[in-house]
1. Which whole-Hz couplings ³J(HN,Hα) result when phi for each residue of the stretch 159-167 is put into the Karplus expression 6.51 cos²θ - 1.76 cosθ + 1.60, θ = phi - 60°, listed in order with x for Gly and Pro?
2. Can you tell me how much longer the chain between VAL2 and CYS191 gets when fully stretched, taken as 0.36 nm per residue apart minus their C-alpha distance, in nm with one decimal?
3. Using only Cα atoms, find the angle between the long axis of helix 31-46 and the longest principal axis of the chain, and express it within 0 to 90 degrees, rounded to the nearest 10.
4. Just to compare against my own numbers: the Cα pair-distance distribution for the chain, 10 Å bins, whole % per bin, please.
5. What is the gain in length, in nm to one decimal, between GLU39 and GLU88 on full extension, counting 0.36 nm per residue of separation less the C-alpha to C-alpha distance?
6. If I compute solvent accessible area with a 1.4 Å probe over the protein chains, what percent of it on the chain is carbon and sulfur?
7. With every protein chain present, what accessible area does TYR149 have (1.4 Å probe, heavy atoms only), rounded to the nearest 10 Å²?
8. For HIS207 and GLN107, compute 0.36 nm times the residue count separating them, minus their Cα-Cα distance, and round to one decimal in nm.
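The values are calculated or read from the model by the stated rules, or taken from the named source; none is laboratory data. Bear in mind the structure is a predicted one, so any value in this text is a computation, not a measurement. All Cβ positions, even for glycine, are placed from backbone atoms using ideal geometry, and neighbour counts span all protein chains on display. What goes into the accessible areas is simple: the full protein's heavy atoms, side chains included, and nothing from ligands, DNA or RNA. Shrake-Rupley method; radii C 1.70, N 1.55, O 1.52, S 1.80 Å.
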Amino acid sequence: VVNWTLNSLLNSKAIHKTAFTYKNKTYYLDADIIRQNDELVQAYNAAGVRVTVILLLPKDAGSAGTKAMQFGGYSYTLFSSVKTSSKEGCQTFEAIMTYLAKRYGTQQNLVCGWILGNEVNSNCIWNYGGNKSLDAYMANYARSYRICYNAVKSVNKNAKVYISLDNRWNLDADGSGKRYFTSKAVADKFCEKIKAYGKINFQIAWHAYPQGMS
């Protein structure tokens, strides 16, 4: 399991760039990061190891490439949910996922699993989505998940796409209903939103921490 950050991949300011066009718009990837990722995936593949990628979007105000996909947030927000409430945000994420799915969908350069985000029920820190209600927050996440799922499955029907949840199955950490959600509530709402636009088989990447994490 490896972490890939979207702001390091989509980088028009990179020293060495790779250009690709999606729906008549040109995007620029960091060619050095792509090469490093290729080498890592191929080395694992050669050793008979299955690779799963966690796709993360760090809070990065300086990232021109991922600006349309980022929510704002508190100073301590670590990761943003992928913002799909705008046409530009959707198209940018569609573009990068289409590129990644094709590049890492071959026998020699194969990613078998994609985990979208980190601890999605933690809307406050680990997958910030704009301090919204659970319904609005999960409507956005379900759109981004479907974009990721469709891109991946169009290339490799055997690959799996995951939602990430933490160990707080029935605990809202601060009781506000907007900063944190229970994993159960998120899973239920996610299933509802996904089924509304056609049922797909999703997977769960579960962070099964013990009670008393220290």
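1. 3J(HN,Hα) across the stretch 159-167, in whole Hz: 5, 10, 10, 10, 9, 9, 10, 9, 7.
2. Details: separation 189, 0.36 × 189 = 68.04 nm, distance 2.59 nm.
Once the chain is fully extended between VAL2 and CYS191, it gains 65.4 nm.
3. Helix 31-46 and the main axis of the chain meet at about 80 degrees.
4. 8, 34, 37, 18, 3, 0
5. Values: separation 49, 0.36 × 49 = 17.64 nm, distance 3.10 nm.
Contour length minus Cα-Cα distance gives 14.5 nm.
6. Numbers: 5370 of 10640 Å².
C and S atoms contribute 50 percent here.
7. Its accessible surface works out to 30 Å², give or take rounding.
8. Details: separation 100, 0.36 × 100 = 36.00 nm, distance 2.90 nm.
Working it through step by step, the gained length comes to 33.1 nm.
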